[in-house]
Amino acid sequence: MRTPRPLRPGPVVCLGETMAALAPEPLGSLDDADLLRVDIAGAESNVALYLADHGIPARWLSAVGDDPFGRRVRDRIAAGGVEVNGVRTDPDRPTGLLLKDPGAHGTRVHYHRGGSAASALTPDLLDDPAMEGAALLHLSGITPALSPGCHALVERALRPDRTCPVSFDVNYRPALWTDRPAADILRPLADRADIVLVGLDEAQALWGDGITDAEGVRAFLSGPQVLVVKDGDREATAFTGSAAHSVPALKVRVAEPVGAGDAFAAGFLSGLLRHLPVDHALRLGHLTAASALRVTADHGPLPDPGLVGALLDADEDTWRATVIA
């Protein structure tokens, strides 16, 4: 593990693609839909929106097309309290698009993002004034899958001489890795980040069934100062140095799971930036994830602040018994 980079005051810069998202209205199979609802979807902007909800200054850095979807994306994120001055408008490439297809066994996602404005990003984006004074740069494993230029951008962001700490959510999306080996690319990127979040199921899908638990992921990714392993609706474990902290997930009445991982990341990072104890930061991650689980969109309202405060300080039995309706 490398020498820790301290988290200093300042905004969190979340860098990555956000797309327009179409979903059936009312929710159901795309095959039978007559109407589609327009929303937005992007892992990194989801994190930025939830950070802003928690009172953490956040900036979103990306590119959109010069089209109605691009304007909608930018306006929606700005309306959530996120600074968007660093977002570029590409006159030649479109804003990415995805379609959600809910079904009995989960929601399938169909991407239409090839040749999008964000897929044309290059390492020079890191020279944007939006990076000045950043407390943290947040990236995900989606970005290096989009194009060679986007991969180079993430490589540069993780250079040893970087000016601020980097958090990296592995966010493995198999549909984006049809022509390159995700496992071989994502491991060294994650291992160079300061803070890493990954699902146990993601780690197993990427790096083999020999990884059976959170400790196995830590043995595989020894570089990050902080490693969070999310084990679905069971628990999340944070490794800080040689210490391990595990907090069980809350019971939540789930509307749709999409976006919950981004919400967890934002809650956990908010806790670290507020210098909460690690177990409290994990609890804040679970509470924020509940916001996404309770809605069909990627971003939902945080639980009541009074409830959040009470649960952060609750005893173990109270925490385990809580149901977020």
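The values are calculated or read from the model by the stated rules, or taken from the named source; none is laboratory data. Please read all numbers here as calculations on a predicted model, not as lab measurements. Don't worry about glycine lacking a Cβ; one is built from the backbone with ideal geometry, like all the others, and counts go over all protein chains shown. Ligands, DNA and RNA are excluded from the accessible area calculation, which covers all protein heavy atoms including side chains. Shrake-Rupley method; radii C 1.70, N 1.55, O 1.52, S 1.80 Å.
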Is the range 133-151 home to any residue that is in a loop (DSSP other than H, G, I, E, B), surrounded by fewer than 23 Cβ atoms within 10 Å (Cβ to Cβ) and without any contact (Cβ under 8 Å) to a residue 24 or more places away in the chain?
-> no
Determine whether the range 24-37 contains at least one residue that is open to solvent by 40 Å² or more (accessible area, probe 1.4 Å), of a type in the set (A, V, I, L, M, F, W, C), part of a loop (DSSP other than H, G, I, E, B) and without any contact (Cβ under 8 Å) to a residue 60 or more places away in the chain.
-> yes
Select from the range 236-288 the residues that are open to solvent by less than 40 Å² (accessible area, probe 1.4 Å), small (G, A, S) and assigned to a loop (DSSP other than H, G, I, E, B) and write down the one among them that is modelled with the lowest pLDDT.
-> G259
Could you say whether any residue in the range 174-183 is part of a helix (DSSP H, G or I), among the charged types (D, E, K, R) and over 26 Å from G133 (Cβ atoms)?
-> no
Odd one out for I56 among (1) open to solvent by less than 30 Å² (accessible area, probe 1.4 Å); (2) of a type in the set (A, V, I, L, M, F, W, C); (3) not in a loop (DSSP other than H, G, I, E, B) | (3)
Lone unmet requirement of (1) surrounded by fewer than 20 Cβ atoms within 10 Å (Cβ to Cβ); (2) part of a helix (DSSP H, G or I) for P9 = (2)
Cβ-Cβ under 8 Å pairs, at least 6 apart or on other chains, the range 42-55 side basic (K, R), far side open to solvent by 10 Å² or more (accessible area, probe 1.4 Å) | none
Among the candidates D233, D298, residue that is open to solvent by less than 70 Å² (accessible area, probe 1.4 Å), under 28 Å from A21 (Cα atoms) and part of a loop (DSSP other than H, G, I, E, B) | D298
In this structure, does P160 turn out to be open to solvent by 10 Å² or more (accessible area, probe 1.4 Å), of a type outside the set (D, E, K, R) and over 18 Å from V64 (Cβ atoms)?
-> yes
Only one of (1) at pLDDT 95 or above; (2) of a type outside the set (S, T, N, Q); (3) open to solvent by less than 70 Å² (accessible area, probe 1.4 Å); (4) farther than 18 Å from I142 by Cβ does not apply to G106, and that is (1)
Residue in the range 131-178 that is modelled with the lowest pLDDT, counting only those that are among the aliphatic types (A, V, I, L, M) and under 29 Å from T107 (Cα atoms) | A175
Report whether or not V226 is more than 18 Å from E17 (Cβ to Cβ), open to solvent by less than 60 Å² (accessible area, probe 1.4 Å) and of a type in the set (V, I, T).
-> yes
